[in-house]
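J.: My structure is below; once you've seen it, I'll send some questions.
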Amino acid sequence: MSGAPSPSLRRQLGLWSAVAVLVGSTIGSGIFRSPAGIATRLPGPLPLVGVFVAAGILALCGALTLAEVGSAYPRTGGIYVYIREAFGRLPAFLFGWAEFVIIRAASLGAISITCAEYTLRVAGFDPAVQPYDDWAHWLAAVAIVLSSSVNVLGVRSSSAVQNVTTLAKYGGLLFIVVLAFAIGLPQSGGHFAPLAPPGSFTFGAFGLALVSTLWIFDGWADVSFVGGEIKDAQRTLPKALVLGTLLVLAIYLAAIFGYLSVLSVQEIAGSRLVAADVAQRLIGPAGVLFVSVTVMLSTFGTLNGTLLTAPRIFFAMADDGLFFKALGKVHPKFETPYVAVLTCAALGVAFVLLRSFEQLADAFVTAIVPFYALAVASVYVLRRRGAASGYAPSFRVPGYPVVPALFIASAVFLLGNAILDETSRWATLGVLGGIAAGVPVYHLVFAKGARREG
């Protein structure tokens, strides 16, 4: 079987480093920036909090399910491996294809542009005006190159960066929340009433807002991509998935309640940089500087985490004969899949120079949701095959079969809603068409090589 872990990538990551990969890959720009768009669609405290609760529950359902599958297949490539083992090579290839042409490049672009904007803000420049809005794109490209260099130099170096930036971003966000509850809430009494004003909730608006909220939560599955480099992965990977997701959910809910302690929903909807506006109101210009530094470190950490995890997908595919052979090369000194890292970085640079943040974030979520659903659905197929096929997980998802079904049903709802909605229909179909374009590529270029490998 070609799915055996490559001996050239060593297991070097412990539990807390794996948790840092998940938390650091998840907490990026979203919680500091995206609540404005979400509040615009759901202009009421209860719908706003509700969509974060819903997204957190979905992420936790996904994490619990992948904790089971990942404990049975703790290999480099993560979701790619789970889809391949359950559904075969073509669906697995389409996941890697989507990651290559849309998902990771869009993710790197969206994260790096926010990192660049906040870096300019820390330096005293306004990234919303000329020439600094153009500078932001070039600075974002530099951030991608710098992070890719760290990841080529070794898993230990990238893990060290991830640990430090994760502590900084989690601590910084927690500090803002504490200030909001300690200073803002006593002053304003909070902005929690009326809970659900007329017109603040429709199923269609909730579905579109949920897409944006899932962007904020995305990253909960990324640690699975480095499963082949985690120590005692059969036990450590499930713990990292569940613990990391719970930590993210806790700080996100605290942040939303903290924002509502200081700003009304209407003020949140009009705030492009909501965390900075909260800090500005609480402690003045020093608060804005603190938030700007926190977001700068946060997004660079997420950028680092993305370039640590995503290239492992292409490495695993190349090892299977399902992608370009060069992407499976390991650096002889640094023991990293350096060609895959540099290729991923090059695509991210191209995207960030050509697309806006909103275009990048929406494309990312639309493209990855179907494959999250497939990876979660793999648990049904693999359980049915049982131990006779080699499926022997050390962790079992609680609430089976309801927990995986809840995630899958929600993914179907999200895609269906995006296709039915006139504002997102053509963009959604365009992304899905780009994924479907991988079918002829697979049959014409890679299928024959994959059969030889298998």
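The values are calculated or read from the model by the stated rules, or taken from the named source; none is laboratory data. Owing to the predicted nature of the structure, the values given are computational and were not obtained by experimental measurement. Cβ sites come from the backbone with ideal geometry, for glycine too, and all protein chains shown count toward neighbours. Note: areas computed on protein heavy atoms with side chains; ligands, DNA, RNA excluded. Shrake-Rupley method; radii C 1.70, N 1.55, O 1.52, S 1.80 Å.
J.: Does at least one position in the range 196-217 carry a residue that is crowded, with 24+ Cβ neighbours inside 10 Å and in contact with a strand residue (DSSP E or B) (Cβ under 9 Å, 6 or more places away or on another chain)?
T.: Looking for residues that are crowded, with 24+ Cβ neighbours inside 10 Å and in contact with a strand residue (DSSP E or B) (Cβ under 9 Å, 6 or more places away or on another chain), one finds none in the range 196-217, hence no.
J.: Next question, about the same structure. Condition check: more than 23 Å from Gly77 (Cα to Cα), of a type in the set (Gly, Ala, Ser) and free of Cβ contacts under 8 Å to residues at least 60 places away in the same chain. Does Gly284 satisfy that? Even if it seems obvious, please write down each step before you answer.
T.: Working: more than 23 Å from Gly77 (Cα to Cα): yes; of a type in the set (Gly, Ala, Ser): yes; free of Cβ contacts under 8 Å to residues at least 60 places away in the same chain: yes.
For Gly284, the condition - more than 23 Å from Gly77 (Cα to Cα), of a type in the set (Gly, Ala, Ser) and free of Cβ contacts under 8 Å to residues at least 60 places away in the same chain - is met.
J.: I would also like to ask the following. How many of the residues in the range 348-368 are surrounded by 20 or more Cβ atoms within 10 Å (Cβ to Cβ), at pLDDT 70 or above and not polar (S, T, N, Q)?
T.: 7
J.: Residue check, Val278 against (1) within 30 Å of Ala345 (Cβ to Cβ); (2) buried (at least 24 other Cβ atoms within 10 Å of the Cβ), all met but one. Which one?
T.: Among (1) within 30 Å of Ala345 (Cβ to Cβ); (2) buried (at least 24 other Cβ atoms within 10 Å of the Cβ), Val278 violates only (1).
J.: State which residue is surrounded by the fewest Cβ atoms within 10 Å (Cβ to Cβ) when the search covers only the range 218-245 and only residues that are within 17 Å of the chain's Cα centre (by Cα) and outside any helix (DSSP H, G or I).
T.: Asp218
J.: Now a separate question. Residue check: is Ala136 closer than 30 Å to Ile435 by Cβ, in contact with a Lys or Arg (Cβ under 8 Å, 6 or more places away or on another chain), crowded, with 23+ Cβ neighbours inside 10 Å and not β-branched (Val, Ile, Thr)? Steps first, please.
T.: Details: closer than 30 Å to Ile435 by Cβ: yes; in contact with a Lys or Arg (Cβ under 8 Å, 6 or more places away or on another chain): no; crowded, with 23+ Cβ neighbours inside 10 Å: yes; not β-branched (Val, Ile, Thr): yes.
No: the conditions fail for Ala136.
Here's the yes/no breakdown for (1) under 28 Å from Arg425 (Cβ atoms); (2) in contact (Cβ under 8 Å) with a residue 40 or more places away in the chain:
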site	(1), (2)
Ser147	no, yes
Ala160	no, no
Val177	no, yes
Ser200	yes, yes
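J.: Then there's this: Just for the range 308-347: of the residues that are among the aromatic types (Phe, Trp, Tyr) and either closer than 24 Å to Ser17 by Cβ or touching a residue at least 60 places away in the same chain (Cβ under 8 Å) (or both), which one is surrounded by the fewest Cβ atoms within 10 Å (Cβ to Cβ)?
T.: Here is the first cut: in the range 308-347, the residues among the aromatic types (Phe, Trp, Tyr) are 314-315, 323-324, 334, 338.
Filter once more, so that each one left must be either closer than 24 Å to Ser17 by Cβ or touching a residue at least 60 places away in the same chain (Cβ under 8 Å) (or both): 314-315, 323, 334, 338.
Values: Phe314: 28, Phe315: 29, Phe323: 25, Phe334: 15, Tyr338: 21.
This residue is Phe334.
J.: On the given criteria, is Phe371 crowded, with 23+ Cβ neighbours inside 10 Å, assigned to a loop (DSSP other than H, G, I, E, B) and out of contact with any strand residue (DSSP E or B) (no Cβ under 7 Å at 6 or more places or on another chain)? Before you say what the answer is, go through the steps one by one.
T.: Numbers: crowded, with 23+ Cβ neighbours inside 10 Å: yes; assigned to a loop (DSSP other than H, G, I, E, B): no; out of contact with any strand residue (DSSP E or B) (no Cβ under 7 Å at 6 or more places or on another chain): yes.
For Phe371, the condition - crowded, with 23+ Cβ neighbours inside 10 Å, assigned to a loop (DSSP other than H, G, I, E, B) and out of contact with any strand residue (DSSP E or B) (no Cβ under 7 Å at 6 or more places or on another chain) - is not met.
J.: State the number of residues belonging to the range 382-423 that are in a helix (DSSP H, G or I), surrounded by 15 or more Cβ atoms within 10 Å (Cβ to Cβ) and of a type in the set (S, T, N, Q).
T.: Number satisfying all stated conditions: 2.
J.: Can you confirm whether Pro186 is closer than 25 Å to Thr40 by Cβ and either assigned to a helix (DSSP H, G or I) or open to solvent by 10 Å² or more (accessible area, probe 1.4 Å) (or both)? Write out each step before concluding.
T.: On the way: closer than 25 Å to Thr40 by Cβ: no; either assigned to a helix (DSSP H, G or I) or open to solvent by 10 Å² or more (accessible area, probe 1.4 Å) (or both): yes.
So Pro186 fails the test.
J.: Would you mention how many residues in the range 142-183 are farther than 25 Å from Tyr252 by Cα, open to solvent by 10 Å² or more (accessible area, probe 1.4 Å) and part of a helix (DSSP H, G or I)?
T.: Qualifying residue count for the region: 9.
J.: Is it the case that the range 95-116 has a residue that's assigned to a helix (DSSP H, G or I), open to solvent by 10 Å² or more (accessible area, probe 1.4 Å) and among the charged types (D, E, K, R)?
T.: no
J.: Take Leu42 and tell me if it is within 30 Å of Val155 (Cα to Cα) and either touching a helix residue (DSSP H, G or I) at 6+ places or on another chain (Cβ under 7 Å) or at pLDDT below 90 (or both).
T.: Details: within 30 Å of Val155 (Cα to Cα): no; either touching a helix residue (DSSP H, G or I) at 6+ places or on another chain (Cβ under 7 Å) or at pLDDT below 90 (or both): yes.
Considered against the rule, which asks whether it is within 30 Å of Val155 (Cα to Cα) and either touching a helix residue (DSSP H, G or I) at 6+ places or on another chain (Cβ under 7 Å) or at pLDDT below 90 (or both), Leu42 comes out as no.
J.: Could you check the range 23-34 and list, in sequence order, the residues that are open to solvent by 10 Å² or more (accessible area, probe 1.4 Å) and outside any helix (DSSP H, G or I)?
T.: Ser34, the sole residue that qualifies.
J.: Which of the residues belonging to the range 120-152 are within 30 Å of Gln12 (Cβ to Cβ) and modelled with pLDDT under 90? First the steps, then the outcome.
T.: Step one: filter the range 120-152 for residues within 30 Å of Gln12 (Cβ to Cβ), giving 140-152.
Selection gives nothing.
J.: Name every residue in the range 117-127 that is open to solvent by 10 Å² or more (accessible area, probe 1.4 Å) and in contact (Cβ under 8 Å) with a residue 24 or more places away in the chain, in order of residue number.
T.: Scanning the range 117-127 gives Thr119, Arg121, Val122.
J.: Tell me which residues, restricted to the range 169-196, are modelled with pLDDT under 90 and closer than 30 Å to Ala340 by Cβ.
T.: Once the filter is applied, which keeps residues that are modelled with pLDDT under 90 and closer than 30 Å to Ala340 by Cβ, the range 169-196 yields only Lys169.
J.: Take the range 35-72 and flag every residue that is within 23 Å of Leu308 (Cα to Cα) and either among the acidic types (Asp, Glu) or open to solvent by 10 Å² or more (accessible area, probe 1.4 Å) (or both). First the steps, then the outcome.
T.: Looking only at the range 35-72, we keep the residues that are within 23 Å of Leu308 (Cα to Cα), and these are 59-60, 62-72.
Residues satisfying the conditions are Leu60, Leu64, Glu68, Ala72.
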